[in-house]
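Data first, discussion second: the structure below is written as structure tokens.
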Amino acid sequence: MKVKKKKSYKTSNLPPGTVTYKGEKQSTITNIEIVNYSKDEFTSLNSSAIEDAFNFEGNDQVTWININGLNNVRDIETLGLHYKLHPLTLEDIVNTGQRPKLEEFENYMLVVFKMLFIKNDDEIHYEHLSLIVGENYVLTFQEADGDVLDDLRERLSSAKGRIRTQGSDYLMYAILDAVVDNYFTVIEVLGDKVEELEGFLFQSKDADDRTPGQIQKLKQEVLKIRRSIYPLREVISRMEKTDCAFIEEKTHNYLRDLYDHIIQVSESVDLYREMIWSLMDMYMTIISNKMNEIMKVLTIIATIFIPLTFVAGIYGMNFKNMPELNSDDGYFILLTGMFILFLFMLIYFRKKRWL
């Protein structure tokens with residue numbers, strides 16, 4: 001059996017702060033999305049030149065810079081130098097194996113978390129997402145194009161809601177809220193898979209050899225989801241309690257609501273985790289019941305033939321003087337008696353509900 005080697009995202013034998021991307025998603029160029037806005041103004045720009053992200057600084061507006069393509073570490077280092085990001089921050093940004101975390105620095109806050117979304121055929125995709133929030137700016141770093149933030153972009157461009165009237169701290173909340181809200185969609189898909197398999201096991205009672213593999217695959221998936229979502233509870237809890245200068249008090253109210261949402265998601269994950277573990281017990285019970293049914297049938301057949309074999313064994317003895325040995329109808333009388341005994345045992349088993 002060929003064992004799949006587990007991929008390691010830990011960079012060995014390199015000094016701390018070394019910016020080395022070891023993920024799977026590769027981008028030939030860095031796709032930079034720049035959004036600059038205030039209550040009355042809005043500017044959107046897509047570029048591949050990292051220097052274009054520096055043209056909106058110092059205009060008393062909120063700037064959101066979204067970087068797609070973590071493998072292009074030179075652009076990330078250039079952006080880090082401009083915004084005076086700590087080398088360990090840059091290392092966490094490109095380390096796709098980093099668990100969700102919150103780090104506070106003098107002039108910015110780093111949030112690392114996982115973005116989960118559904119693609120074709122209800123397949124769950126995972127993406128490493130880093131967010132840096134500072135005074136009047138938010139930086140986000142994604143592995144590749146495609147995310148769950150299109151509705152947020154639409155709200156910004158059309159000035160829907162309160163987001164254009166708020167600062168960078170509210171934009172940070174809005175990004176986290178969009179990601180967490182999409183967790184509910186992922187959990188719903190996961191729940192459908194669990195309930196579908198549970199219904200198959202419960203209703204058909206005809207599990208095959210592929211069922212343990214399906215249960216194991218589902219179990220690994222829910223554990224991966226749990227590892228991606230569960231640490232975010234601590235991150236949001238710390239964020240809600242922080243006294244960071246550029247996070248306004250009114251934003252803390254939204255963060256508390258966000259914390260309630262992530263708690264709800266975590267509880268749903270734990271629920272489905274327990275359900276999946278019970279599926280294997282259900283499968284083993286079904287297999288055991290099937291084996292018991294087979295053994296029951298074989299036992300009844302053996303029980304029926306035990307007295308018939310006994311009679312046949314008696315009359316198979318080679319004694320000279322035996323009853324009905326010289327009778328012309330002895331053979332048929334014996335078969336008739338054995339058949340009557342067979343019918344009697346069937347009726348008896350039916351009455352006892354063993355058949």
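The values are calculated or read from the model by the stated rules, or taken from the named source; none is laboratory data. Only a predicted model underlies this, so the values are computations on that prediction, with no experimental measurement involved. Cβ coordinates were reconstructed from backbone atoms using ideal geometry, including for glycine residues, and neighbour counts include every protein chain displayed. Please note that ligands, DNA and RNA were not included when accessible areas were found on the heavy atoms of the full protein model with its side chains. Shrake-Rupley method; radii C 1.70, N 1.55, O 1.52, S 1.80 Å.
Observations, loosely collected:
- Kirkwood-type hydrodynamic radius, the range 116-215: 16.4 Å, calculated from all non-identical alpha-carbon pairs.
- GNM flexibility winner over the chain from Leu334, Leu129, Leu218 (Cα, springs under 10 Å): Leu334
- As a rough guide to protection, the peptides 318-324, 172-178 ranked by mean Cβ packing within 10 Å, highest first, stand as 172-178, 318-324.
- Highest-MSF residue in the chain out of Ser266, Ser48, Ser228 [GNM, Cα springs under 10 Å]: Ser48
- Multiplying each eigenvalue of the alpha-carbon gyration tensor of the range 63-177 by 5 and taking the square root yields semi-axes of 21, 20, 12 Å, largest first, rounded to whole angstroms.
- Low-density loop cleavage sites - chymotrypsin sites (Phe, Trp or Tyr not before Pro) in the range 53-120, where at most 15 other Cβ are within 10 Å (DSSP): Phe105
- Pairs of Lys in the range 97-256 closer than 27 Å at Cα, counting only those 8 or more apart or on different chains: 25
- In this structure, Lys160 and Glu41 have a Cβ-Cβ separation that, at R0 = 22 Å, corresponds to a calculated FRET efficiency of about 0.90.
- Ranked from largest, the principal axis spans of the Cα set of the chain equal 121, 45, 32 Å.
- Along principal axes, Cα extents of the range 25-100, largest first, whole Å: 40, 25, 22
- Length-normalised contact order of the range 70-117 in % [C-alpha pairs under 8 Å, at least 6 apart]: 26 percent
- Net +/- balance of residues flanking Glu135 in space, Cβ distance below 13 Å, scoring K and R +1, D and E -1: -4
- Sequence-distant contacts, meaning Cα pairs under 8 Å at least 6 residues apart, place the relative contact order of the chain at 13 percent.
- Apportionment of accessible area to carbon and sulfur, the range 71-218, percent (1.4 Å): 44 percent
- Hydrophobic, long helices, defined as DSSP H runs whose alpha-carbon span along the helix axis is 20 Å or greater and whose mean Kyte-Doolittle value is at least 0.5, occur in the chain at 330-351.
- Averaged per residue, the range 164-281 has 50 square angstrom of accessible surface, using a 1.4 angstrom probe with ligands and nucleic acids left out.
- Helix-only mean residue ellipticity at 222 nm for the chain, each DSSP H run of n ≥ 4 adding -39500 (n - 2.57), per residue, nearest 500: -18000 deg cm²/dmol
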